[in-house]
Amino acid sequence: MIRFAMELDEFYRRIVHFVDRVLEDRNKYQMSKLFKLKKFVTLEEAKTHLSGALEEQLSVADIYRLVLDGHLTISVSFLGIITMSPGRIFEDTVNNGSPEMIISKGIAVGEDLKEPYSIIKMSGFPMSLREWLFFGSEIMYADGIWDLSMLGQEYEYIESLYHKEAGGVGVFDGFSGRIKAVVLKRSDSFCKLKDIHRPLGIPEQEVASFIDNAKNNDFFDCLQMDRYPHLLVIKTEELTRFIQSLQDDKDVPSQQEKRVGPKERKTHYSVIRGLSMKSGIDLNVKGSVSSLQRVTELAGEPVSNEAIRQLIIKINNQ
């Protein structure tokens, strides 16, 4: 009787484990289908997706650590309008050791200027030996999603969140030598988050008018992202890039590993063609690249569109 109870208990344990695996695989499959439709995901969704793709359990603290170490770019989605001053990186094309350099493009949108002007390099921030980041003095409005550049106080903000998630004490004090402002990035444009002292008791409906009538000098560099309602997110294309970079590193053969010869490579191509045909994917027709890419995404191992396109060309030319 005891032995029967033990066997029954073991059977039940296996059933529970099997159901958990089925539910996990189903959720991963559903996440993969929805993932390709989204432009960005929350940190919790990013944690789930990366855990499935990398086949190891990650935490939100791990996400923050990857960001702090420069492996992953985190973004912010503002829930309203922000005020900011635009910035852009310029190259010192003369490189004559002068303390000044010529600016020939607009800082806000990068348009060619009719009258270029000189600027003192030390009024900007060095990005390399010949590149400097400059910010304009004008105040502009912006919204939407921006990447955290990690050049300013946003680094301390993420570091504070990391310590809280890791079980430590979050700290958001001091200055570590970075730009003393929250610095955001979108494509090749930068911006410094700006703020303004609002009169006590001003009604919310009058805030926009008050900001519109304020002078540029009334605004100051914002040191805290929490001054504006926001949500930290990670772009889906950035997650795909990160996963692909890890797979590329893993796939690089060491000097001791055997190189794939022409005959073995031809066999691999034949197997891929056969599996593709079995899945209803004709490698000779338009759309096969996207179809194969969806297969890799659903498998939790996304491969870039260009890599698949080059592979299909090689397979069709064998």
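Taken along the Cα-to-beta-carbon direction at a fixed 7 Å, the label points for residue 145 and residue 265 span 3.7 nm. Each peptide in 105-114, 44-53, 63-72 receives the mean, over its residues, of other Cβ atoms within 10 Å, and ordering these scores from highest gives 44-53, 63-72, 105-114.
The overall shape of the stretch 98-244, judged from the alpha-carbon gyration tensor, is oblate: a/c is not under 1.5, and a/b is no greater than b/c. Among residues other than residue 94 with Cβ under 14 Å from its Cβ, the summed charge is -2 (Lys and Arg +1, Asp and Glu -1). Which of the pairs 121/180; 39/314; 105/185; 38/314 have their Cα atoms more than 24 Å apart in this structure? Exceeds cut-off: 39/314; 38/314. Oblate is the label for the stretch 125-166. Its Cα gyration tensor axes, ordered a ≥ b ≥ c, give a/c of at least 1.5 and b/c at or above a/b.
Peptides 196-202, 79-85, ordered by how many other C-beta atoms sit within 10 Å of their residues on average, highest first, read 79-85, 196-202.
When peptides 181-194, 213-226 are ranked by their average number of other Cβ atoms within 10 Å per residue, the highest-first order is 181-194, 213-226. Distances between placed amide hydrogens fall under 5 Å for residue 233 paired with 75, 76, 77, all partners being 5 or more residues away or on another chain. Summarising the label geometry, the points placed 7 Å from Cα in the beta-carbon direction at residue 98 and residue 186 lie 3.3 nm from one another.
Our analysis of the stretch 54-131 gives Rg over Rh at 1.15, with the two radii drawn from alpha carbon positions and Rh computed by the Kirkwood formula.
Every number in this text was worked out from the coordinates using simple rules, so none of it is lab data. Predicted model only: the values in this text are computed from it and were never measured. Every residue, glycine as well, gets a Cβ built from its backbone with ideal geometry; the counts of neighbours run over all protein chains shown.
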